[in-house]
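Report on the structure given below.
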Amino acid sequence: MVHTIYDIARVANVSKSTVSRVLNNQSNISEEARERVLKAIEELNYQPSKLARALSSGFDAIMVVSRSAKTTANNPFFSEIIHRISSNAEEENFDVIIQTSRNSKDELEKCITKIKEKMIKGIIMLSSPANENFFKQLDVFNIPIVVIGKVEGEYTNIFSVDTNNYQDSYDLTKFLIEQGHREIACLHSPLDYHVSIDRLEGYKDCLKDYGLPLRKEWIINSGYTVNTAHDSATDLLLSSQRPTAVFATDDLKVMGLYKSALENGISIPNDISIVGYSNPNVSAFLSPSLTRIEIPVKKLGDAGTKLLFDKIKVNKASNGPKIVPTEMIIQNSVVKVMEKD
C-alpha cells in the first residue's frame, strides 16, 4: 500500500501542513510534533513522491545542453561525456535532462522555460559558443551553469571547465616543425565555438613564431561531419601542392584523413604526416597510431559535474576557470623530414 502525507498526519495526529513542514525540514514546528511525524513516517515506511516534492521545491535534476545534431553526428566526444555526466549525476541522486535545439534562439528559450518551471537545479553546456550573448541572458536567473569550454566574459553564475586548446595546438604544430616539416596544413571546424577558434589560432601562431608562411589553401574549414572532413582531406591529399604534414583539430578530421589516404594509396607517414586531437575509443583503431593530444573526456565530465554539484549544494566552487591537463602522445603517424642541402 502506498501511503500519503494524509496518512502520516492521521497517525501522528497533526495537520497535513505540519507533515509538509517536517518533510521540507522547516524550523517553525515543535520538537514534539516533529518526533510524532518522524515516528509515523517510520511506521508507515513512507516514500515521498518525487513529483510532489518537486512541485514545491523544484526537481532534483540537471540539464545537459548539447549542440544541434547536425554539428554532433558521429562525434564520439558528445556521447562519451554525456555518459560520464549521467553516471556522476546518478551517484548524486539527480536526474538528467538532455536538451538539443534547432538554433541558439531555440536553445535559449528552452533553457529559460525549464529554469522558470523549476525543472532543473543546474545546467552543463557541452560547448562554448564564440558569441557569449547566450551566457549573458542566462546569468540573470541565478542558477549555476558549467560550460565544458572556454568562457571569456565575466559572469556571476557561469563557470568554465576546459583544456588549454590553444597551447595544445601550438605544441602539436611545434612538434611537426621540430621533425623538419615546413609545409603544414590544417583541417579545422567552423569558427562558431571557442574551441575551434583556439585550436586554429594555436596552429597559426606557431607557424608565425617559426617564420613559416600561412597558406590560405592549406587552412581548410572542414565542417562538422565525417563526410565533409573526408571531402576536405581528399581535396588536400590529391592537390598538386600537397603539404608534408597535416594538423587535424578533432576526431572527425583525423578519420577523414586516414580514410582518404587509404583510398588513394597515400602512405601515412611516408607520404603525409598527421597529428591531431583524438580520444582512446577512436585512436585505438588507427593504423599507424596517431601522434595526438588525448582528449580527457572522463576528466572533463568529472570536473564539470563536481563543479556543478558544489555550486548547487553549498555554493563553494571558485569562479575561476578550471583547466584539465592533457598529454601529447607521440606515435607513428609522423616521419622526420631531412633538411635539403
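The values are calculated or read from the model by the stated rules, or taken from the named source; none is laboratory data. Note that the structure is predicted; figures quoted are calculated from it, not measured. Glycine also receives a Cβ, built like all others from the backbone with ideal geometry; neighbour counts cover every protein chain displayed. Protein only, heavy atoms only, side chains kept; ligands, DNA and RNA dropped before computing areas. Shrake-Rupley method; radii C 1.70, N 1.55, O 1.52, S 1.80 Å.
Mind running the shape call on region 88-146? Use the C-alpha gyration tensor, a ≥ b ≥ c as the square roots of the eigenvalues: rounded below 1.5 for a/c, prolate if a/b tops b/c, oblate otherwise.
It comes out prolate by the Cα gyration axes.
Give me the percent of the accessible area of region 101-215 that comes from carbon and sulfur atoms, probe 1.4 Å, all protein chains in place.
44
Loop-only GluC sites (Glu not before Pro) in region 136-214, please: DSSP not H, G, I, E or B, and at most 12 other Cβ atoms within 10 Å.
Loop-located and lightly packed - Glu152, Glu154.
Return the long-range amide H neighbours of Ile219 (sequence gap of 5 or more, or a different chain), with a cut-off of under 5 Å between placed amide H atoms.
Under 5 Å from the amide H of Ile219 lie the amide H atoms of Cys186, each far enough along the sequence or on another chain.
With θ set to phi - 60° and the Karplus curve 6.51 cos²θ - 1.76 cosθ + 1.60, what are the ³J(HN,Hα) couplings of region 321-337 in order, to the nearest whole Hz, using x for Gly and Pro?
Those phi angles translate into x, 9, 9, 8, x, 10, 9, 8, 10, 8, 10, 10, 8, 10, 10, 6, 9 Hz.
Among Lys70, Lys299, Lys114, which one shows the highest mean-square fluctuation when the chain is modelled as a Gaussian network with alpha-carbon springs under 10 Å?
In the Gaussian network model the winner is Lys70.
When we measure straight from the Cα of Lys336, which aspartates and glutamates land under 19 angstrom away, once same-chain ones fewer than 8 places off are left out?
Within reach: Asp171, Glu178, Glu183, Asp271.
From Cα pairs below 8 angstrom and at least 6 apart in sequence, can you work out the relative contact order of the chain, rounded to a whole percent?
16
Calculated from DSSP H runs of 4 or more alone, at -39500 (n - 2.57) each and per residue, what is the 222 nm mean residue ellipticity of the chain, nearest 500?
It lands at -13500 deg cm²/dmol.
Between Ile329 and Tyr6, what is the spin-label point distance in nm, taking each point 7 Å from the Cα along the Cα→C-beta axis?
Taking the two extended label points, one gets 6.1 nm.
Once you've got the Cα coordinates, tell me which of Lys110/Lys204; Lys174/Lys259; Lys114/Lys306 are over 30 Å apart.
Lys110/Lys204
Would region 118-209 count as rounded, prolate or oblate if I go by the C-alpha gyration tensor, calling it rounded below 1.5 in a/c and otherwise prolate when a/b exceeds b/c, oblate otherwise?
It comes out prolate by the Cα gyration axes.
Give, rounded to the nearest 20 debye, the magnitude of the charge dipole that the chain has about its Cα centre when Lys and Arg contribute +1 at Cβ and Asp and Glu contribute -1 at Cβ.
840
Given [x] 21.2, 62; [y] 26.0, 98; [z] 23.0, 71, which label gives Rg and Dmax of the Cα atoms in Å as computed from the coordinates?
Checking each listed value against the structure points to [y].
Within the chain, what's the longest stretch lacking chymotrypsin sites (Phe, Trp or Tyr not before Pro) that sit in DSSP loops with no more than 16 other Cβ atoms inside 10 Å?
The longest such stretch corresponds to 1-140.
Classify region 148-286 as rounded, prolate or oblate from the Cα gyration tensor: take a ≥ b ≥ c as the square roots of its eigenvalues, call it rounded if a/c is under 1.5, otherwise prolate when a/b beats b/c and oblate if not.
Prolate.
Which cross-chain or sequence-distant (5 or more) residues have an amide H under 5 Å from the amide H of Ser160, H modelled 1.01 Å from N in plane?
The answer is Val147, Lys322.
Keeping all protein chains in place, calculate the accessible area per residue for region 139-197 (probe 1.4 angstrom), answer in Å².
37
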